[in-house]
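Student: Okay, here's the structure, questions in a sec.
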Amino acid sequence: MVKIKDVAERAQVSPATVSNVLNGRSNVGEETRQRVLEICKELDYQPNLSGKSLKTGDNHTILFNFSDFDREFYLKIIQGISDYAYSKDYDLLICTNKSSEKYMNKTFTSGCIMLDGKCSNSLLMRKSAEKYPMIILDRVIEAPYLKSLVIDNYSAQRELMEELIRAGYRKFAYISGVDGEDTQQRYRAFRDALDEHQIEFKRENYFSGDYREKSGYRIAKLLMLSENLPDILVCANDNMAIGAIKAFRAEGIRVPEDISVCGFDDTEAAKMLELTTVTIPNYERGYLAAQYLLENIDGAENYDTFRISAKVKWRKTTLRSIETKF
C-alpha cells in the first residue's frame, strides 16, 4: 500500500506538505501542489480516510445497512438515498447485517440508515448518540437520536381488503412474510377487514412465507392439494405472489379466472405480470431518509416518527365486479 511518506519522497517534500495539498490548504505553492497531485495520481495514492476522521470527527459519509440482496425494492431505496447524499457532497457506504456494527461509529460514518430486521433494537439504541443519529426504516423505535420512517402498511392493506370484499370475494387465503412490524400490520389489516364484515377465515388457509418467490411457489403447490381453491390469495409481498402465479399457471390454473392473486410492494416484475398490489414509494422514502439523517447530523434533532402513505394499484390478477371502480 502506498503511504503518504512515499508520495513525499517522490515529490521531495515533507509528509506535512502532502497533507496540506490533499486538504486544500493555501500554504503550498501552485507548482508544488501540482507536482504532489500528479504523483498521487501516478502512485494511485488513497488517503487514510478513517485516520483523518479520527482527527477531525468529520468523514462526510453515511451508512445504509440492509439484510437481503434478493428483494428488488432495495435498489430504489438506495437510489433515493444516494441521490440526496451526493447532492449534499456526502459519500454512501452500503453493507449488510454481518458487518453493520463495525461501521456504525464516527470513525467510518456520520450516521446510519437501517433496514435490517435482524439488527436488534438494543444494538441500535446503544450505537445511536447525539453525534451519531440514525434513521430506522420499517419499524418504530422510540429512543433518543433514532428517527423511524415507516410505511402506513395497515391503511393500504385495509383499503385493498375493503375493495376486494366489495368486489364479492369471500373465500380468502393468505401468505405472510418474515415476522416484523410491516408483516404484522399487513396481516392485522387483513384480519380486521374480514372480522368487521363477518367473513370466516379458516386457519388452514394461513401460510408462512419468507418474502421470496420460491416460498410463494411452494405454498401455491400446497393450496392446489385442496379440492376447493380459495377465491383469492392475498400475499404479504409481490415476490411470493409472483411465485404463486407461476405455480398456478404451471398446473393450468388461470389467474384470475380460477383464483385471484394480489401482492404488496409494486416491483417491476409485478408490473410485467399485471399484478394487483400496493405501491410503496421506495425511491422517495430513501430520499427522505437521507434528508432527515443529514439534517439530524447537522443538529436538527427531528426524531418524531414519520409515516409514508401507500396506494393500491389495481391490475389484471384480480376480478372486479365494478369495472369502472378500478
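Here, each number is a calculation from the coordinates, and none is a lab measurement. Just so we're clear, the structure is a prediction, and the values are computed from it rather than from any experiment. For neighbour counting, all protein chains shown are included, and Cβ atoms are generated from backbone atoms with ideal geometry for every residue, glycine included.
Student: Here is the link list: Lys271/Lys313; Lys214/Lys313; Lys76/Lys246; Lys5/Lys41; Lys118/Lys202. Which ones come out longer than 21 Å on Cα distance? The partial results should precede the final answer.
Tutor: Details: Lys271/Lys313 10 Å; Lys214/Lys313 23 Å; Lys76/Lys246 25 Å; Lys5/Lys41 15 Å; Lys118/Lys202 31 Å.
In this structure, Lys214/Lys313; Lys76/Lys246; Lys118/Lys202 lie more than 21 Å apart at Cα.
Student: How large is Rg over Rh for the stretch 189-319, taking Rg from the Cα atoms and Rh as the Kirkwood inverse mean of 1/r across Cα pairs? Each step should come with its number before you reach the end.
Tutor: Numbers: Rg = 18.1 Å, Rh = 16.5 Å.
The Rg/Rh ratio comes out at 1.09.
Student: Beta carbons within 10 angstrom, averaged per residue: use that to sort the peptides 257-264, 198-205, 245-252, highest first.
Tutor: Details: 257-264: 22.8, 198-205: 11.0, 245-252: 15.6.
Highest-to-lowest ranking by the protection proxy: 257-264, 245-252, 198-205.
Student: Still on this structure, I have one more. Counting Lys and Arg as +1 and Asp and Glu as -1, each charge on the Cβ, what is the dipole of the stretch 4-47 about the Cα centre in debye, to the nearest 20? Walk me through the numbers on the way to the answer.
Tutor: Working: 6 positive and 7 negative charges, 30 e Å.
Dipole size: approximately 140 debye.
Student: Place +1 on the Cβ of every Lys and Arg and -1 on the Cβ of every Asp and Glu in the chain, take the dipole about the Cα centre, and give the residue among Val36, Met114, Gly180 whose Cα lies farthest towards its positive end.
Tutor: The residue sitting farthest along the positive end of the dipole is Val36.
Student: Now a separate question. Please report the antiparallel percentage of the DSSP beta bridges confined to the chain, to the nearest 5. Mind dumping the intermediate values first?
Tutor: Values: 4 of 37 bridges.
Of the beta bridges lying entirely in the chain, close to 10 percent run antiparallel.
Student: List the aspartates and glutamates whose alpha-carbon lies under 13 Å from that of Lys221, not counting same-chain residues fewer than 8 positions away?
Tutor: Within the straight-line limit of under 13 Å, Lys221 reaches these aspartates and glutamates: Glu213, Glu251.
Student: If R₀ is 51 angstrom, what is the calculated FRET efficiency for the pair Arg170 and Asp304, using the beta carbon separation as r and rounding to 0.05?
Tutor: On the way: r = 41 Å, r/R0 = 0.80.
Calculated transfer efficiency: 0.80.
Student: Just how large is the dipole of the chain about the Cα centre, in debye to the nearest 20, putting +1 at every Lys and Arg Cβ and -1 at every Asp and Glu Cβ? Walk me through the numbers before you get to the answer.
Tutor: Details: 46 positive and 49 negative charges, 96 e Å.
Charge dipole, the chain, about its Cα centre: 460 debye, nearest 20.
Student: Okay, next question. Of the beta bridges DSSP finds with both residues in the stretch 222-326, what % are antiparallel, to the nearest 5? Each step should come with its number before you reach the end.
Tutor: Values: 3 of 8 bridges.
Taking every DSSP beta bridge within the stretch 222-326, about 40 percent pair in antiparallel fashion.
Student: How big is the C-alpha Rg of the stretch 4-47 next to the rule-of-thumb value 2.2 N^0.38 Å, as a ratio?
Tutor: Values: Rg = 9.0 Å, N = 44, 2.2 N^0.38 = 9.3 Å.
Taking the Cα Rg and dividing by 2.2 N^0.38 Å, one obtains 0.97.
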